[in-house]
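Notes to accompany the following structure.
The values are calculated or read from the model by the stated rules, or taken from the named source; none is laboratory data. In this text, all values refer to a predicted model and were calculated from it rather than measured experimentally. Ideal geometry is used to build each Cβ from the backbone, glycine not excepted, and the neighbour counts take in all protein chains shown. For the accessible areas, the whole protein counts, side chains as well, though only heavy atoms, and no ligand, DNA or RNA atoms are used. Shrake-Rupley method; radii C 1.70, N 1.55, O 1.52, S 1.80 Å.
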Amino acid sequence: MGRKLKFGKPTGFFDVFDRRPGPIKKNMHYCPGCGHGILHKLIAEAIVDLDMRDHMVVISPVGCAVFAYYYFDAGGISVPHGRAPAVATGIIRANPDSFVISYQGDGDLGAIGLNNFLQAANRGENMTVCFVNNAIYGMTSGQMAPTTLIGQKTATSPYGRSVENEGYPLKVSEMVAALESPIYVERVALTTPANIMAARKALRKGLTNMKERRGFSLVEFLSGCPINQKMTAQQVDEWIEKEMIPYFPLGCFKDIAAERKPISRPKPTFDKKKVLNALVSSAGITKWGAKSTVLRKELRVKCAGYGGQGILSLGMMIAAMGQSRDINVSWLPSYGPEMRGGTANCSVVLSNNVIGSPVVQNTNILIAMNQPSMNKFLPDLVDGGILLYDSTNIAPPKTDRRVYAVAASDIAIKLGNIRCANSAIMGAFAACLKGFELEDYEDAFEEAIRQTFRKKKELVELNIKAFHEGRKSVETRNV
Amino acid sequence: MGQTIKKKKKFVVEITVDECKGCGRCVSACPKGILEMTTKVNMMGIVYVEPAKEGCVGCGACFYACPEPGAISVYEIDEADE
Ligand SMILES: Cc1ncc(C[n+]2csc(CCOP(=O)(O)OP(=O)(O)O)c2C)c(N)n1
Ligand code: SF4
Ligand code: SF4
Ligand code: SF4
Ligand SMILES: [Mg+2]
């Protein structure tokens, strides 16, 4: 007697869940009766039936489904809370052949990740969002979610959610259907067999839209969380039917997929040369990638001064110099009220190794362009660190560090434009770097100036002049 | 003439006992009342379900209602071999 499997474990799942830690390798980690499991099966079945598995990435952010990658025999990534649509956007923009399911809970999508989600919907990204609305934060043991019903008791609404205090539950599908970009929005429920089959159909429709590259589809699944509702699976289904569906009506809110042409976006390239060329072609950089032996050690630089002195672009030029010689760089401006005329500073790190943090606290070189900034940052200079200051407006400091001075503002004024004082002090900085074996530092800095002023070509020569003036007139004060 | 016998398809449902979490979703889903909760526990210590009678019509309702990947399988029996 032969027999044929009619319904069995979908092949979109791994046969054995080796990625799941612990001894249990055939079950999922969800509580008994959890709606996530029902949806996982529908997905595992659909991605194979629709022949999308080999290009599929299932992205699950924080929430009970964060471990979805244990199960699907497809690409899988866990991402921070609420960030699945942003990561999904990166994946499909960088690799338009891929498909992504953004698998999100109601806390994830409706609270912390609402902006990410709505922006992706509004951009019409070619993705399918599977939105599991169980009206609660499941993973963290039952706190109130944006979709928690009026009167529903949760760990954080022990007297029941009230309109006065928390407002009405968020109607995500209705909201998204009102946007122009999304092409398909449907709400279904993972309850009765009939509802589950409708959910199966909606999921496949969303995935087919993605396969045909028609844009953004949202399927909202009303789903049971028996554990946190303190109900059996049967009771939670009844609750969904009686309480949730009247407020969150099932049905299709929007379906304009047929009207939309397949999305086509610029083709990305991973050719390193092409990318570098695209980045630097207009920048006048000639020796991109020429390895420099400078900076065997990491150099942590702080540039500080008055808001109008071009402090941030000074840091930017130094970083560009490093970039042009294939040195790892970071540039971190300090924003805030400083930007509007107070003190300004930025941190630059140059390193041949991976840069751990762009924050500069233990400073190797402090470039100070006014007195208050020098006073503020001098204590951060490490033993053996270098202070370089604009002697036009700063009094010689009392310090046992190595000190270099250059009258940067004077140089700039003589050249007819005070605004090139930053290039003058950069010249002095380059001179200080001599000790760090920068063999072609003059070229490298000139290229950095060209890049920085590529949109104001008339300023290039002036700044290069200021750079060399600064370089030649730097004085060592105490070595 | 009169020789076309319409074969009635036969189906059987099977539970992989150690993969059942005993939620009872399949019991509520089955239109024929085939599945029932047992009083036995599986390897995880969970009271599981089992088919309690014949008459499965192969509708798949239990399969789709079940949140576990491999707990339920439904087979079509090939009568020609009988
Ligand atoms: C940035 C961040 N904030 C908060 C948390 C804590 N946290 C974990 S899961 C969760 C809520 C998940 O609820 P939901 O998205 O509805 O998923 P469910 O578990 O209900 O499926 C929260 C707030 C976190 N992990 N990370
Ligand atoms: S807590 Fe709720 S949502 Fe999370 S696995 Fe358990 S039943 Fe499912
Ligand atoms: S396939 Fe249908 S009839 Fe057979 S056990 Fe499952 S639900 Fe019942
Ligand atoms: S639905 Fe699945 S897990 Fe739940 S009792 Fe039935 S077989 Fe077991
Ligand atoms: Mg939730």
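For the list (1) within 16 Å of ligand 5 (Cβ to nearest atom); (2) part of a helix (DSSP H, G or I), I need the number of the one condition that B:S28 fails.
Answer for B:S28: the failing condition is (1).
For region A:302-318, name all the residues that are in a helix (DSSP H, G or I) and either surrounded by 24 or more Cβ atoms within 10 Å (Cβ to Cβ) or of a type in the set (F, W, Y) (or both).
Result: A:Q309, A:I311, A:L314, A:G315, A:M317, A:I318.
Looking at region A:243-264 only, could you name the residues that are open to solvent by less than 60 Å² (accessible area, probe 1.4 Å) and modelled with pLDDT under 95?
Residue satisfying the conditions is A:I263 alone.
In region B:22-38, how many residues are more than 7 Å from chain A (Cβ to nearest Cβ) and out of contact with any Pro (no Cβ under 7 Å at 6 or more places or on another chain)? Steps first, please.
Kept after step one, since they are more than 7 Å from chain A (Cβ to nearest Cβ), are these residues of region B:22-38: B:26-27, B:30-38.
Retained after the next criterion (residues that are out of contact with any Pro (no Cβ under 7 Å at 6 or more places or on another chain)): B:26-27, B:30-33, B:36-38.
Result for region B:22-38: 9.
Is there any pair with a first residue in region B:39-62 that is closer than 28 Å to A:R200 by Cα and more than 10 Å from chain A (Cβ to nearest Cβ) and a second that is surrounded by fewer than 12 Cβ atoms within 10 Å (Cβ to Cβ) and polar (S, T, N, Q) whose Cβ atoms are under 9 Å apart and which are 6 or more apart or on different chains, and what are they?
From residues that are closer than 28 Å to A:R200 by Cα and more than 10 Å from chain A (Cβ to nearest Cβ), there are no pairs.
Could you go through region A:78-101 and let me know if any residue there is at pLDDT below 95, charged (D, E, K, R), open to solvent by 40 Å² or more (accessible area, probe 1.4 Å) and in contact with a helix residue (DSSP H, G or I) (Cβ under 9 Å, 6 or more places away or on another chain).
Checking region A:78-101: at least one residue is at pLDDT below 95, charged (D, E, K, R), open to solvent by 40 Å² or more (accessible area, probe 1.4 Å) and in contact with a helix residue (DSSP H, G or I) (Cβ under 9 Å, 6 or more places away or on another chain).
Tell me yes or no: at least one residue of region A:29-52 is within 14 Å of another protein chain (Cβ to nearest Cβ), assigned to a loop (DSSP other than H, G, I, E, B) and surrounded by fewer than 18 Cβ atoms within 10 Å (Cβ to Cβ).
Looking for residues that are within 14 Å of another protein chain (Cβ to nearest Cβ), assigned to a loop (DSSP other than H, G, I, E, B) and surrounded by fewer than 18 Cβ atoms within 10 Å (Cβ to Cβ), one finds none in region A:29-52, hence no.
Looking at the structure I just gave you, is A:F467 touching a residue at least 60 places away in the same chain (Cβ under 8 Å), part of a helix (DSSP H, G or I) and within 22 Å of A:G308 (Cα to Cα)? Working first, answer last.
Details: touching a residue at least 60 places away in the same chain (Cβ under 8 Å): no; part of a helix (DSSP H, G or I): yes; within 22 Å of A:G308 (Cα to Cα): yes.
No, not satisfied.
Just for region A:153-197: of the residues that are surrounded by fewer than 19 Cβ atoms within 10 Å (Cβ to Cβ) and within 14 Å of chain B (Cβ to nearest Cβ), which one is nearest to B:A65 (Cα to Cα)?
A:T192
Among (1) within 14 Å of another protein chain (Cβ to nearest Cβ); (2) within 14 Å of A:K205 (Cβ to Cβ), where does A:S217 come up short?
Every listed condition holds for A:S217 apart from (1).
Give me a count of the residues in region A:15-28 that are more than 9 Å from chain B (Cβ to nearest Cβ) and within 18 Å of B:A71 (Cβ to Cβ).
4
Within region A:104-121, does at least one residue satisfy the condition of being open to solvent by 50 Å² or more (accessible area, probe 1.4 Å), more than 16 Å from ligand 2 (Cβ to nearest atom), in a strand (DSSP E or B) and more than 14 Å from chain B (Cβ to nearest Cβ)?
No, region A:104-121 contains no residue that is open to solvent by 50 Å² or more (accessible area, probe 1.4 Å), more than 16 Å from ligand 2 (Cβ to nearest atom), in a strand (DSSP E or B) and more than 14 Å from chain B (Cβ to nearest Cβ).
Here is a yes/no grid of residues against (1) open to solvent by 30 Å² or more (accessible area, probe 1.4 Å); (2) closer than 25 Å to A:A94 by Cα:
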site: A:L203; (1), (2): no, yes
site: A:E241; (1), (2): yes, no
site: A:P266; (1), (2): yes, yes
site: A:T269; (1), (2): yes, yes
